[in-house]
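The values are calculated or read from the model by the stated rules, or taken from the named source; none is laboratory data. Predicted, not measured: the structure shown is a model, and the values here were computed from it. Cβ: placed from backbone, ideal geometry, glycine included. Neighbour counts: every protein chain shown.
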Amino acid sequence: MSFLTPGRYVARVELIDLDELWQQGKRALLLDRDNTLVPRDRRDAPASVAAWLDAARARGFSLYMVSNNWHRDHVERSASQLGLGAICFACKPLPFALERALRHLGVSRDEAVMIGDQLYTDVWAGNFAGIDSILVKPQATADLWYTKIFRIFERRALKGVPCEE
């Protein structure tokens, strides 16, 4: 895999095998909000995502939301509902917010994985920070106008990259 592609590509966050990550030495999950945990066209995360996060916590993972969303109230509301600490307006793909989350959680880069729905923000931020990345398909087709443009290039970049269903 290239430095600019995800370590893994999965259909939805709930399909990520927590036991497998734990066996790989991962102890922290850095998670994007919009279209990863919460569909862009909804206010709340699906029950299946909340259950997966609960299972991750029960397994021993530390969790932190790292979102580019600049609406602090949206990010903090979702984080509170899901029991996560959060950083909003993270400016991904710059790695600084991810590094801040690692310091907050007290884990190393090798112990973390960044999970998100966008190649050019979430995956690149993880890769630039030296953190393994997992790309998930977006939960909804609703997106910001500029994200829709990035999705065109994303589809081309991911052509031939297998997605785990």
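Residue count for the range 1-23 under the criterion of being assigned to a loop (DSSP other than H, G, I, E, B) and modelled with pLDDT of 95 or more: the result is 4. The set of residues in the range 111-127 being modelled with pLDDT under 95 and surrounded by fewer than 20 Cβ atoms within 10 Å (Cβ to Cβ) consists of TYR120 alone. Taking every residue in the range 45-70 that is free of Cβ contacts under 8 Å to residues at least 40 places away in the same chain and pairing it with any residue that is aromatic (Phe, Trp, Tyr), at least 6 positions away or on another chain, the pairs with Cβ-Cβ distances below 8 Å are GLY60/TRP22; SER67/PHE89; ASN69/PHE89; TRP70/PHE89.
Across the range 99-122, the number of residues qualifying as free of Cβ contacts under 8 Å to residues at least 40 places away in the same chain and polar (S, T, N, Q) comes to 1. Listed conditions (1) surrounded by 18 or more Cβ atoms within 10 Å (Cβ to Cβ); (2) out of contact with any His (no Cβ under 9 Å at 6 or more places or on another chain); (3) modelled with pLDDT of 95 or more; (4) not β-branched (Val, Ile, Thr) are all met by ARG100, apart from (1). Does the range 30-54 hold any residues that are of a type in the set (Asp, Glu), over 17 Å from ALA112 (Cβ atoms) and assigned to a loop (DSSP other than H, G, I, E, B), and which are they? Answer for the range 30-54, where residues must be of a type in the set (Asp, Glu), over 17 Å from ALA112 (Cβ atoms) and assigned to a loop (DSSP other than H, G, I, E, B): ASP41, ASP44.
The rows are residues; the columns are (1) buried (at least 18 other Cβ atoms within 10 Å of the Cβ); (2) within 25 Å of ARG156 (Cβ to Cβ).
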{"site": "LEU4", "(1), (2)": "no, yes"}
{"site": "TYR9", "(1), (2)": "yes, yes"}
{"site": "LEU15", "(1), (2)": "no, yes"}
{"site": "GLY25", "(1), (2)": "no, no"}
{"site": "PRO39", "(1), (2)": "yes, yes"}
{"site": "ARG42", "(1), (2)": "no, no"}
{"site": "PRO46", "(1), (2)": "no, no"}
{"site": "LEU53", "(1), (2)": "yes, no"}
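Residues in the range 113-144 that are outside any loop (DSSP other than H, G, I, E, B) and over 22 Å from ARG42 (Cα atoms): VAL113, MET114, TYR120, VAL123, TRP124, ALA125, GLY126, ASN127, PHE128, ASP132, SER133, ILE134.
Could you grab me the full set of residues in the range 68-97 that are of a type in the set (Ser, Thr, Tyr) and out of contact with any strand residue (DSSP E or B) (no Cβ under 8 Å at 6 or more places or on another chain)? Let's see the steps before the verdict.
Taking the range 68-97 first, the residues of a type in the set (Ser, Thr, Tyr) are 78, 80.
The answer is SER80, and nothing else.
Looking at (1) at pLDDT below 95; (2) surrounded by fewer than 21 Cβ atoms within 10 Å (Cβ to Cβ), which is the only condition ASN35 fails? Among (1) at pLDDT below 95; (2) surrounded by fewer than 21 Cβ atoms within 10 Å (Cβ to Cβ), ASN35 violates only (2).
Counting only residues that are assigned to a helix (DSSP H, G or I) and either small (Gly, Ala, Ser) or crowded, with 21+ Cβ neighbours inside 10 Å (or both), the range 55-81 holds 7 of them.
Tell me whether the range 87-98 contains one or more residues that are part of a helix (DSSP H, G or I) and either touching a residue at least 40 places away in the same chain (Cβ under 8 Å) or under 14 Å from the mean Cα position of the chain (by Cα) (or both). Within the range 87-98, one or more residues are part of a helix (DSSP H, G or I) and either touching a residue at least 40 places away in the same chain (Cβ under 8 Å) or under 14 Å from the mean Cα position of the chain (by Cα) (or both). What about VAL136, is it surrounded by fewer than 16 Cβ atoms within 10 Å (Cβ to Cβ), in contact (Cβ under 8 Å) with a residue 12 or more places away in the chain and hydrophobic (A, V, I, L, M, F, W, C)? In short, no.
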